[in-house]
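This report concerns only the one structure given below.
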């Protein structure tokens, strides 16, 4: 397959060998599961259970609320202990509303929706409904509700479902293992998703550092004419949606548009597997594969983890992580720092990394020497050095003008910076501030519009009153004039 | 267990850092420098040491006064590069005070007055050189032919001390002009370039460095080797050197073809003066050159053009230092003008049009 070059990018130390040969193992049932109502982009789910309820495995605990939201199910059978706030698995460490489920150990299934015997015979809507009902979100880490993304076929003419198995983040091998061990499920899930999207073609993109996955998928896809596997070069951030689309199709997604606008929708391989489970077995999303790795982790592993399992339990299962300098959820490039280990694994947790200082190579920032590496390596064609200097002086509009909002936070610039300047930190700050200022401005404009409308209405009323008064006066005057004229004619006549 | 969340990712980093970059540059300069010190003997060695010491001392004082941490700033090696390049740009037998004045201006005025490492607009070493060049033209143009260490006619240790630190020796009789200076003087006397070239060493000797000039103006193969080493280590890219040398060569060749009596050849421009040192080590200075590749190309072309113009039409025989400083002044504008195209946007910054859109 002909590939297209993508600009910039880096070749970090991948360290995938720590876990790439570790087959997926299941974590023993933990003592309690902590299921946040917000494990996805969009609105938090609304609870459908009360503390004290007994629930079965796969039972709905919270339903999607609003257009962009996702349901939460019971990963095992047990009792709802409480619905309360705990620390979120998010760098803010803010509290988040969470269902606490204490397993009864029986792991009894609830009655699941029926398997869809022939998913290609039903309408795309049926597939989307099933995916929504199953609480599936983008498993690559973005956690956007999958059913919504599968609806893009209704608004766009799509040609390709691009299945993202690039896994360009260092350390992570969870997608690699899923592709190797569940290739058939991945391919089947992808075909179902393509059907839901109305996309005639499926291309599964995998970086060439995963030859076994490429081989396994090739075998699984051999039976289907419209499914192909595309090995892509090892180049971070190959797995970024827009860049992968460009590498495979040569199409460059315009700024502020979706890849769907150029006929491509990108989904993660683990999402395809989840869709397969939901459609073929009626199984909602209850668990995910997490790569537990990093130099500080005693026994790095790929673990199939029930959603809601505490990170502490997961690390204990992997022999602990003594001497870690940083704990990261996700990969080291774009992952989030964990505020605490006392947080649950959620739908978007692709990895838990315990990194040593030798791996993070953290150092105090020194002055920028304008080497221009950040410009050379930025895969988005931005000038990080200039954006950072604007942001440092709080010139956010200037930074926005040269494209800070087009930054995908891939971290290539920070990685390569010889002065160890945390460039992405600046950009994330700026993006947040600009969004907040935008919201404020919109609110102001709205208020202003309301006030103007109010004033205009008052003005109209006053005007109407004045006109009525004027009319009344005119009528009165006319009447008086008429009366006078009459009296004068009468007088004249009498004269 | 308390975990500090103080910044966003990435939580891994490349192995590159500022001091490694700086010391790689020094390593790349070392072969050419050692050869030149050998060629020009003890006075050159003394001058080199004086320049480095003066720059280090200035840096230390500047940072002390500014309230910074002197250990850290000296550790990044940037001032060593300034001193090193400055030493290479002086005539090898120049007196010590020329080096000290140049160092003080380079470090205090060009670097720290602008805010220190990374903030300066002009290349510090070139500011230092130009200050002494315009202030002490006699000392700065008194070149001597190469007299390798321990060779016959080379000054001994004591005599050399006298050359560098004494009241200066009269260089009459032994001093010689650089090639660029020579043909310029001859031209002004009405001798065409074609004739004056005949009195110069042939081009291969010039390349090896056996000719009068500043230290860094000789030993081209070793400077080229250092430049290639920097490219291999990805410290610099081809853009600035190729653009600068290419422009110089093309202009030289074209005008030499049109009017050989008035203009020296392209090859002559390449291998004389500080063309190579300038292209690989001075114009490529990170701080004072543009950050984008397109900007760097424009920057290199500008230096080549200005160097050729100054050498050909201006009063000074050599123009690399002036050309670099002039283009340094343009760097902020080049940076603004030459930005890469943003992903998904046109060159003007508008989102790319979709197929079907007008």
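Given the structure, is residue A:51 in the same structural domain as residue A:204 (by TED's automatic domain parsing), under 19 Å from the mean Cα position of the chain (by Cα) and without any contact (Cβ under 8 Å) to a residue 60 or more places away in the chain? Here the answer is no, as residue A:51 does not meet what is asked. Taking the numbered list (1) surrounded by fewer than 22 Cβ atoms within 10 Å (Cβ to Cβ); (2) within 18 Å of the chain's Cα centre (by Cα); (3) modelled with pLDDT under 95 in turn, residue B:104 passes all entries but (3). Identify all residues within the range B:123-142 that are under 18 Å from the mean Cα position of the chain (by Cα) and surrounded by fewer than 24 Cβ atoms within 10 Å (Cβ to Cβ); write none if there are none. Result: B:130, B:131, B:133, B:134, B:140, B:141. The condition of being in contact (Cβ under 8 Å) with a residue 60 or more places away in the chain, assigned by TED's automatic domain parsing to the domain that holds residue A:249 and within 18 Å of the chain's Cα centre (by Cα) holds for residue A:149.
Residues are listed down the side, and each one gets a yes or a no for (1) assigned by TED's automatic domain parsing to the domain that holds residue A:429; (2) farther than 29 Å from residue A:328 by Cβ; (3) modelled with pLDDT of 95 or more:
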site	(1), (2), (3)
A:89	no, no, no
A:92	no, no, no
A:96	no, no, no
A:99	no, no, yes
A:113	no, yes, no
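Is one or more of the residues making up the range B:24-35 part of a helix (DSSP H, G or I), crowded, with 19+ Cβ neighbours inside 10 Å and at the interface with chain A (Cβ under 9 Å from one of its Cβ atoms)? Scanning the range B:24-35 turns up no residue that is part of a helix (DSSP H, G or I), crowded, with 19+ Cβ neighbours inside 10 Å and at the interface with chain A (Cβ under 9 Å from one of its Cβ atoms).
When the helices (runs of 4 or more DSSP H) confined to the range B:258-358 are screened for residues that are facing chain A (nearest Cβ under 9 Å) and surrounded by fewer than 16 Cβ atoms within 10 Å (Cβ to Cβ), those reaching at least 1 such residues are found at B:320-337. In the range B:7-19, is there at least one residue being out of contact with any strand residue (DSSP E or B) (no Cβ under 9 Å at 6 or more places or on another chain), more than 14 Å from every other protein chain (Cβ to nearest Cβ), part of a helix (DSSP H, G or I) and buried (at least 17 other Cβ atoms within 10 Å of the Cβ)? No - not one qualifying residue is present in the range B:7-19.
Conditions tested, residue by residue: (1) without any contact (Cβ under 8 Å) to a residue 60 or more places away in the chain; (2) within 29 Å of the chain's Cα centre (by Cα); (3) under 30 Å from residue A:84 (Cα atoms); (4) loosely packed, with under 15 Cβ neighbours inside 10 Å.
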| site | (1), (2), (3), (4) |
| --- | --- |
| A:98 | no, yes, yes, no |
| A:107 | no, no, yes, yes |
| A:114 | no, yes, no, yes |
| A:117 | yes, no, no, yes |
| A:124 | no, yes, no, no |
| A:128 | no, yes, no, no |
| A:132 | no, yes, yes, no |
| A:137 | no, yes, yes, no |
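Residue count for the range A:364-375 under the criterion of being facing another protein chain (nearest Cβ under 7 Å) and either surrounded by 19 or more Cβ atoms within 10 Å (Cβ to Cβ) or part of a strand (DSSP E or B) (or both): the result is 7.
Hey, does the range B:45-60 have a residue that's surrounded by fewer than 23 Cβ atoms within 10 Å (Cβ to Cβ), within 14 Å of chain A (Cβ to nearest Cβ) and within 17 Å of residue B:77 (Cα to Cα)? Within the range B:45-60 (the criterion being surrounded by fewer than 23 Cβ atoms within 10 Å (Cβ to Cβ), within 14 Å of chain A (Cβ to nearest Cβ) and within 17 Å of residue B:77 (Cα to Cα)), the answer is no, since none of the residues qualifies. Among the residues of the range B:234-257, those that are under 30 Å from residue B:14 (Cα atoms) and either without any contact (Cβ under 8 Å) to a residue 24 or more places away in the chain or more than 14 Å from chain A (Cβ to nearest Cβ) (or both) comprise B:234, B:238, B:241, B:242, B:243. Candidates in the range A:79-95 are the residues that are assigned to a strand (DSSP E or B) and free of Cβ contacts under 8 Å to residues at least 40 places away in the same chain; of these, the one that is farthest from residue A:428 (Cα to Cα) is A:79. Restricting attention to the range A:121-128, does a residue exist that is assigned to a strand (DSSP E or B) and in contact with a helix residue (DSSP H, G or I) (Cβ under 9 Å, 6 or more places away or on another chain)? There is no residue in the range A:121-128 that is assigned to a strand (DSSP E or B) and in contact with a helix residue (DSSP H, G or I) (Cβ under 9 Å, 6 or more places away or on another chain).
Look at (1) away from every other protein chain (no Cβ under 11 Å); (2) modelled with pLDDT under 95; (3) in contact with a strand residue (DSSP E or B) (Cβ under 7 Å, 6 or more places away or on another chain) and you find that residue A:223 fails only one, number (3). Restricting attention to the range A:215-231, which residues are under 16 Å from residue A:3 (Cα atoms) and either crowded, with 23+ Cβ neighbours inside 10 Å or under 22 Å from the mean Cα position of the chain (by Cα) (or both)? Answer for the range A:215-231, where residues must be under 16 Å from residue A:3 (Cα atoms) and either crowded, with 23+ Cβ neighbours inside 10 Å or under 22 Å from the mean Cα position of the chain (by Cα) (or both): just A:229. In the range A:315-342, of all residues being assigned to a helix (DSSP H, G or I) and over 17 Å from residue A:172 (Cα atoms), the one that is nearest to the other protein chains (Cβ to nearest Cβ) corresponds to A:316.
Just so you know, in the range A:343-363 the residues that are in a loop (DSSP other than H, G, I, E, B) and over 23 Å from the mean Cα position of the chain (by Cα) include one that is farthest from the other protein chains (Cβ to nearest Cβ), and it is A:356.
Residues in the range B:144-174 that are under 30 Å from residue B:324 (Cα atoms) and modelled with pLDDT of 80 or more: B:164 alone. Buried (at least 23 other Cβ atoms within 10 Å of the Cβ), part of a helix (DSSP H, G or I) and modelled with pLDDT of 95 or more, is that true of residue A:267? No; evaluated as a whole, the condition is false for this residue.
Annotation note: of A:257, A:316, the sole residue that is out of contact with any strand residue (DSSP E or B) (no Cβ under 6 Å at 6 or more places or on another chain) and within 27 Å of residue A:160 (Cβ to Cβ) is A:257.
For the range A:173-194, residues that are within 30 Å of residue A:13 (Cα to Cα) and in a helix (DSSP H, G or I) total 11.
Taken over the range A:278-312, the criterion of being more than 22 Å from the chain's Cα centre (by Cα), in a loop (DSSP other than H, G, I, E, B) and either without any contact (Cβ under 8 Å) to a residue 24 or more places away in the chain or over 30 Å from residue A:126 (Cβ atoms) (or both) is satisfied by A:294, A:295, A:296, A:298, A:299, A:300.
The values are calculated or read from the model by the stated rules, or taken from the named source; none is laboratory data. As the structure is a prediction and not an experimental result, all values here were calculated from the model. No Cβ is skipped: glycine too gets one built from the backbone with ideal geometry, and neighbour counts run over all protein chains shown.
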